[in-house]
Amino acid sequence: MNIFCKRAYETATAADGQRFLVDRLWPRGVSREALQATWLKEVAPSTELRLWFDHRAERWEAFQQRYWQELATYPQHLKPLRDALDAGPITLVYGARDTDHNQAIALRGYLLAHPRHSH
């Protein structure tokens, strides 16, 4: 599975495949045209989890665990991502400054660890 993660402020390229914004909030200063992504607000971490995490690296492991629990609770929210993956590469777009500790990285890990056909 080719799942890429890219900041909303980076230029979209053909190699990105289908692009999905996985933030609860629209990234500041980025137009819909420039982003070239489908906004999947519902796959973003809950507002409560996002505020608790606050992009603090020391909370990364706990954040991932809590976020994965949220994702497991609403598997239907992942359907657009899984359908797109069947067609080719996807890019998870996020606004956070931290490129190592953000919801796109955690979501990528979840999708890789829990492929659609793993039952």
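The values are calculated or read from the model by the stated rules, or taken from the named source; none is laboratory data. What you see is a predicted model, and the numbers here were worked out from it, not measured in a lab. Cβ coordinates were reconstructed from backbone atoms using ideal geometry, including for glycine residues, and neighbour counts include every protein chain displayed. Please note that ligands, DNA and RNA were not included when accessible areas were found on the heavy atoms of the full protein model with its side chains. Shrake-Rupley method; radii C 1.70, N 1.55, O 1.52, S 1.80 Å.
Once the 1.4 Å probe is applied to the protein heavy atoms, the stretch 28-119 comes out at 59 Å² accessible per residue.
The charge dipole of the chain, taken about the Cα centre with unit charges on the Cβ atoms of Lys, Arg (+1) and Asp, Glu (-1), comes to about 140 debye, rounded to the nearest 20. For residue 48 paired with residue 62, estimate the spin-label separation in nm (one decimal), with each label point 7 Å from Cα along the Cα-to-Cβ line. Here the modelled spin labels are 1.5 nm apart. Go ahead and set up a Gaussian network model of the chain, Cα springs under 10 Å, then flag whichever of 27, 75, 45 fluctuates most. The residue with the greatest mean-square fluctuation here is 75. In terms of its Cα atoms, the chain spans 39, 34, 20 Å along the principal axes, sorted from long to short.
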